[in-house]
Amino acid sequence: MDILKKVEQYREEEQRLKWEGTFGEYLEMVKENPWIAQSAHARVYNMIKSAGTEKVNGKKKYNFFSESLFGLEDSLERLVEEYFHPAAKRLDVRKRILLLMGPVSGGKSTLVTMLKRGLEQYSLTDEGAVYAIKGCPMHEDPLHLIPHHLRDDFFNEYGIRIEGNLSPLNTMRVEQDYDGRIEDVIVERIFFSEDKRTGIGTFSPSDPKSQDIADLTGSIDFSTIAEYGSESDPRAYRFDGELNKANRGMMEFQEMLKCDEKFLWHLLSLTQEGNFKAGRFALISADELIVAHTNETEYRSFIANKKNEALHSRIIVMPVPYNLKATEEEKIYEKMISESDVSDIHIAPHTLKVASMFTILTRLKEPKKGDIDLVKKMRLYDGQSVEGYNEADVEELKAEHADEGMSGIDPRYVINRISSTIIRKEMSTINALDVLRSLKEGLAQHASITNEDRERYLNYISLARKEYDNIAKKEVQKAFVYSYEESAKTLMDNYLDNVEAYCNKNKLRDPLTGEEMSPDEKLMRSIEEQIGISENAKKAFREEILIRISAYARKGKRFDYNSHERLREAIQKKLFADLKDVVKITTSSKTPDEQQLKKINEVVARLIDEHGYNSTSANDLLRYVGSLLNR
Ligand SMILES: Nc1ncnc2c1ncn2[C@@H]1O[C@H](COP(=O)(O)OP(=O)(O)OP(=O)(O)O)[C@@H](O)[C@H]1O
Ligand SMILES: [Mg+2]
């Protein structure tokens, strides 16, 4: 559809949603739909909830965040359950500032932006509708009009608790414009919009010396003092600070702890108890979510300062560590690349996977327990199965280090390295080796990495490289087999027939000649040897497989090529071992003969058609694997 058409539609929709009426009419509406009077925190919570949740591996996943935030399920669940949920129930936490604390480029701003954009959209829906006193610069909650002495009665009738005082400006307006008749006060539906400064505000610290609290709480409009006679006349005050404008919705406080200490102190004492002070007026009630973010270093030094002690209790700190799942990290890169200038480059398969393995390794802490190494830990965190470990071990590993994910390489660094390599070398194709090389070069220039970490990181680059070597070899070998899955299955069936005959002391029947024959010991051994099963252990191994097959049969499941991890590995290795020489000779021959050339072209075509390569990356891959096999 034409974009202008969409703009027009949007305008029409807004027009359609508009509502204006008296406070009396508003109350009737509240009686029918009490949720329209919900608090800012409840609205945020309901917005998140309304997008639904999913259970993934027994963990709760909030759909609201899942489009743009990856791998942060644990932190998000905690944020929703420990902050938004109780805050929505009007518990005390909502009166405190929510401080997201996490490493650089860990997704804090992304999270806050999602909440802001989400609220803008949600205020256009029936469930998220917001109403305010018309003409109020702070879009004050109409229910504030109900005088304090009647609020208990109101609660009995409507079931809604009213908090907060009518602001000085509206108190005056009710007297002057409405003759004290609150039922006539005009109420309107409002729509959150950061651009129009309605219900959504952002504050970022400027120069600490010139930082003015008025940016938050508004200021006196000196040009109108003459007209109104006094500085304490609310009409002579501009309620246009970020805290004013964000009323009913949310305010983002960027880099909060970078603010001057005095300023911060002022702010925190202002925001306590859901009120803030502006000008010479009594406290002004604010109903808004205040989200700030900071990094760990700033937070630690803030905490360490005794003078700040009183402020701790006014902040709720929620850690937002880096994602620790390699697969999710890959998604982050895909997203960032698709948003960048280099989105049209060809990225060879496995490139981002290998980069994310390196990144995750830099974020993980050395396991304390047993013999598990960092690469295995990375796999377990990613939800892969590692022989000898289960779910409980993963939880145990996670519990070993409370601060895991607070340091390491950030996603922006990886993307910057990828894009600078592409641009500098004018490449149109990039593969895992290019990226690893570039990440390695970048480490030397990275200012904030200590020498010790650099050593460690270089080691992780080699680990990621080893992982890549295995992936690359498998990829090529698979492409050499005409139909890999088919061949693996045939070999497996053949093996199982022989094992069955061996264990039951039966004969097999040759499918061609119909002759009886003994189980093919040579074939069975050639497979078993691939995974180091000795002559003495072969009987037990074969019997175990038969038991597994009958267990499957009892449950009505089919035992197939993927049912037994070690057997699958053995089959794969056997297939590749048979191929190894062909692959080796074909890929590394400097002057391939006609037949080799034909095979190479076939393999390249298969890599392109079935595995997502282009001709450059496919040929690079073949050359690389050739050199690996000749080492
Ligand atoms: N877990 C994640 N899921 C999705 N994207 C992420 C994640 N972590 C980081 N990113 C991406 O990395 C980039 C930087 O993230 P963002 O700006 O949100 O981080 P930040 O925590 O605010 O960092 P800073 O401390 O530097 O302000 C963004 O493009 C963001 O989309
Ligand atoms: Mg940020």
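Is it fair to say Ala282 is more than 16 Å from ligand 2 (Cβ to nearest atom), of a type in the set (A, V, I, L, M, F, W, C), assigned to a loop (DSSP other than H, G, I, E, B) and out of contact with any Asp or Glu (no Cβ under 9 Å at 6 or more places or on another chain)? Yes, satisfied.
For segment 240-257, residues that are assigned to a loop (DSSP other than H, G, I, E, B) and either within 16 Å of ligand 2 (Cβ to nearest atom) or over 19 Å from Ser219 (Cβ atoms) (or both) total 4. Screening Glu328 with (1) within 15 Å of ligand 1 (Cβ to nearest atom); (2) closer than 27 Å to Leu124 by Cα gives one miss only, at (2).
Applying the criterion of being surrounded by fewer than 23 Cβ atoms within 10 Å (Cβ to Cβ) and among the polar types (S, T, N, Q) to the residues of segment 210-248, the residue that is farthest from Val130 (Cα to Cα) is Ser210. Ile316 meets each of the listed conditions (1) buried (at least 16 other Cβ atoms within 10 Å of the Cβ); (2) in a helix (DSSP H, G or I) apart from (2). Within segment 69-86, the set of residues being in contact (Cβ under 8 Å) with a residue 40 or more places away in the chain and surrounded by 15 or more Cβ atoms within 10 Å (Cβ to Cβ) comprises Leu69, Phe70, Gly71, Leu72, Ser75, Leu79, Tyr83, Phe84, His85. Within segment 187-206, at least one residue is within 16 Å of ligand 2 (Cβ to nearest atom), surrounded by fewer than 16 Cβ atoms within 10 Å (Cβ to Cβ), modelled with pLDDT under 95 and within 33 Å of the chain's Cα centre (by Cα). Within the bounds of segment 92-102, is there any residue that is under 17 Å from the mean Cα position of the chain (by Cα) and more than 24 Å from Thr198 (Cβ to Cβ)? Among the residues of segment 92-102, at least one is under 17 Å from the mean Cα position of the chain (by Cα) and more than 24 Å from Thr198 (Cβ to Cβ), which makes the answer yes.
Could you tell me whether Lys335 is touching a Phe, Trp or Tyr at 6+ places or on another chain (Cβ under 6 Å), within 15 Å of ligand 1 (Cβ to nearest atom), under 30 Å from Ser428 (Cα atoms) and part of a helix (DSSP H, G or I)?
On the way: touching a Phe, Trp or Tyr at 6+ places or on another chain (Cβ under 6 Å): no; within 15 Å of ligand 1 (Cβ to nearest atom): yes; under 30 Å from Ser428 (Cα atoms): yes; part of a helix (DSSP H, G or I): yes.
Answer is no for this residue.
Just need a number here: residues in segment 423-453 that are surrounded by 14 or more Cβ atoms within 10 Å (Cβ to Cβ) and either more than 26 Å from the chain's Cα centre (by Cα) or acidic (Asp, Glu) (or both). Spell out the reasoning first.
Initial filter on segment 423-453 (surrounded by 14 or more Cβ atoms within 10 Å (Cβ to Cβ)): 427, 429-440, 442-443, 446, 449, 453.
If we keep only those that are either more than 26 Å from the chain's Cα centre (by Cα) or acidic (Asp, Glu) (or both) as well, we get 427, 429, 433-434, 437, 453.
Going through segment 423-453 one residue at a time, the tally reaches 6.
Can you name every one of the strands (runs of 3 or more DSSP E) wholly within segment 7-104 that holds 2 or more residues which are under 23 Å from Asp287 (Cβ atoms)? Show your work before the answer.
Values: elements: 20-22, 53-56, 59-62, 97-101.
Result: 20-22, 97-101.
Inspection of segment 259-267 identifies no residue that is away from ligand 2 (no atom under 16 Å from the Cβ), touching a helix residue (DSSP H, G or I) at 6+ places or on another chain (Cβ under 6 Å) and modelled with pLDDT under 85.
Applying a threshold of 8 Å to beta carbon distances and a minimum spacing of six or more residues, or different chains, the list of pairs starting in segment 462-488 at a residue that is touching a residue at least 60 places away in the same chain (Cβ under 8 Å) and ending at one that is part of a helix (DSSP H, G or I) and among the acidic types (Asp, Glu) reads Ala479/Glu610.
Okay, residues lined up against (1) closer than 26 Å to Arg314 by Cα; (2) within 14 Å of ligand 1 (Cβ to nearest atom); (3) of a type outside the set (Phe, Trp, Tyr):
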site: Val80; (1), (2), (3): yes, no, yes
site: Leu100; (1), (2), (3): yes, yes, yes
site: Gly107; (1), (2), (3): yes, yes, yes
site: Lys116; (1), (2), (3): yes, yes, yes
site: Gln121; (1), (2), (3): no, no, yes
site: Gly128; (1), (2), (3): no, no, yes
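Being in contact with a Gly (Cβ under 9 Å, 6 or more places away or on another chain), over 23 Å from Ile182 (Cα atoms), exposed (fewer than 15 other Cβ atoms within 10 Å of the Cβ) and at pLDDT 90 or above is true for just one of Asn46, Asn63. Which residue is that? Steps first, please.
On the way: Asn46 fails: exposed (fewer than 15 other Cβ atoms within 10 Å of the Cβ).
Every option except Asn63 fails the conditions.
Kindly indicate which of Tyr389, Tyr413 is of a type in the set (Ser, Thr, Tyr) and part of a loop (DSSP other than H, G, I, E, B). Spell out how you get there, then give the answer.
Working: Tyr413 fails: part of a loop (DSSP other than H, G, I, E, B).
The conditions single out Tyr389.
Look at segment 107-120: where a residue is at negative phi and of a type in the set (Val, Ile, Thr) and a partner is within 8 Å of ligand 2 (Cβ to nearest atom) and not in a helix (DSSP H, G or I), sitting 6+ places away or on another chain with Cβ atoms under 7 Å, you get Val112/His293. On the basis of being farther than 28 Å from Thr297 by Cβ, away from ligand 2 (no atom under 16 Å from the Cβ), of a type in the set (Phe, Trp, Tyr) and in contact with a helix residue (DSSP H, G or I) (Cβ under 7 Å, 6 or more places away or on another chain), does Tyr83 make the cut? Against the criterion (farther than 28 Å from Thr297 by Cβ, away from ligand 2 (no atom under 16 Å from the Cβ), of a type in the set (Phe, Trp, Tyr) and in contact with a helix residue (DSSP H, G or I) (Cβ under 7 Å, 6 or more places away or on another chain)), Tyr83 does not qualify.
Quick one: in segment 563-614, which of the residues that are over 18 Å from Ile471 (Cα atoms) and part of a loop (DSSP other than H, G, I, E, B) is farthest from the chain's Cα centre (by Cα)? The residue in question is Asp593.
Beta carbons closer than 7 Å, at least 6 apart along the sequence or on distinct chains, pair a first residue in segment 357-379 that is touching a residue at least 12 places away in the same chain (Cβ under 8 Å) and part of a loop (DSSP other than H, G, I, E, B) with a second that is buried (at least 18 other Cβ atoms within 10 Å of the Cβ) and of a type in the set (Lys, Arg) for Leu364/Lys377; Pro367/Lys377.
Applying the criterion of being touching a helix residue (DSSP H, G or I) at 6+ places or on another chain (Cβ under 9 Å), modelled with pLDDT of 90 or more and part of a loop (DSSP other than H, G, I, E, B) to the residues of segment 534-562, the residue that is nearest to Val476 (Cα to Cα) is Ser534.
Of everything in segment 466-495 that is in contact with a helix residue (DSSP H, G or I) (Cβ under 8 Å, 6 or more places away or on another chain) and among the acidic types (Asp, Glu), the residue that is modelled with the lowest pLDDT is Glu475. Does segment 89-112 contain any residue that is among the acidic types (Asp, Glu) and at pLDDT 95 or above? No, every residue in segment 89-112 fails to be among the acidic types (Asp, Glu) and at pLDDT 95 or above. Scanning segment 231-251 for residues that are at pLDDT 85 or above and farther than 18 Å from His139 by Cα turns up nothing.
Return yes when Thr513 is over 30 Å from His611 (Cβ atoms), of a type in the set (Val, Ile, Thr) and modelled with pLDDT under 90 and no when it is not. Against the criterion (over 30 Å from His611 (Cβ atoms), of a type in the set (Val, Ile, Thr) and modelled with pLDDT under 90), Thr513 qualifies.
The values are calculated or read from the model by the stated rules, or taken from the named source; none is laboratory data. This structure is a prediction, so every number in the text was calculated from the model and none was measured. Glycine gets a Cβ as well: all are built from the backbone with ideal geometry, and neighbour counts include every protein chain shown.
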